Amino acid sequence: MKQRLLLDIMLNERWQCQLRYYKRGFPRIVDGKIVEVYDMCDLRRFVEEQRPSLIGKPYVIEISNQPKY
């Protein structure tokens, strides 16, 4: 099962949209736990592919509260 990451896209401190990102992050050990780390360049590329109107604008990617499966 693919794990999804919910991304909230903000522009000028206003919510624009929420995107579902289905790629897996890179596993890392942090404080004795295995966590997934995501590359911001990949996230920005994904957002700009999904929402071309944001290219060149100062948008912010925030990770939304993730549902527990």
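The values are calculated or read from the model by the stated rules, or taken from the named source; none is laboratory data. These figures come from a predicted structure and were not determined experimentally. Neighbour counts are summed over all protein chains in view; Cβ atoms, including those assigned to glycine, are modelled from backbone coordinates with ideal geometry. To get the accessible areas, we keep the full protein, side chains included, count just its heavy atoms, and leave off ligands, DNA and RNA. Shrake-Rupley method; radii C 1.70, N 1.55, O 1.52, S 1.80 Å.
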In the chain, carbon and sulfur make up what percent of the accessible area (probe 1.4 Å)? 52
Can you compute the modelled spin-label distance between ASP31 and ARG45, with each label point 7 Å from Cα toward Cβ, in nm? 3.1
Using the Karplus equation 6.51 cos²θ - 1.76 cosθ + 1.60 (θ = phi - 60°), what ³J(HN,Hα) coupling, rounded to whole Hz, does each residue of the range 24-38 give in order, writing x for Gly and Pro? 8, x, 8, x, 9, 9, 10, 6, x, 10, 8, 10, 9, 10, 10
Could you tell me the relative contact order of the chain? Use alpha-carbon pairs under 8 Å, at least six residues apart, and round to a whole percent. 38
Longest to shortest principal axis, alpha-carbon extents of the chain, angstrom: 39, 24, 23
How much mean residue ellipticity at 222 nm does the chain get from its helices, if each DSSP H run of length 4 or more adds -39500 (n - 2.57) and you divide by all residues, to the nearest 500 deg cm²/dmol? -5000 deg cm²/dmol
Restrict the search to the range 1-68; then list the trypsin sites (Lys or Arg not before Pro) that DSSP places in a loop and that have at most 10 other Cβ atoms within 10 Å of their Cβ. LYS2, LYS68
Put a dot 7 Å past each Cα toward the Cβ at TRP15 and ILE63; how far apart are the dots in nm? 1.9
Could you pull out every residue, at least 5 positions away or on a different chain, whose amide H is within less than 5 Å of the one on GLN16? Hs are placed 1.01 Å off N in the peptide plane, and Pro or chain starts have none. ILE9, MET10, LEU11
Kindly provide the GluC sites (Glu not before Pro) of the range 1-68 that DSSP labels as loop, not H, G, I, E or B, and whose Cβ sees at most 12 other Cβ atoms within 10 Å. GLU13
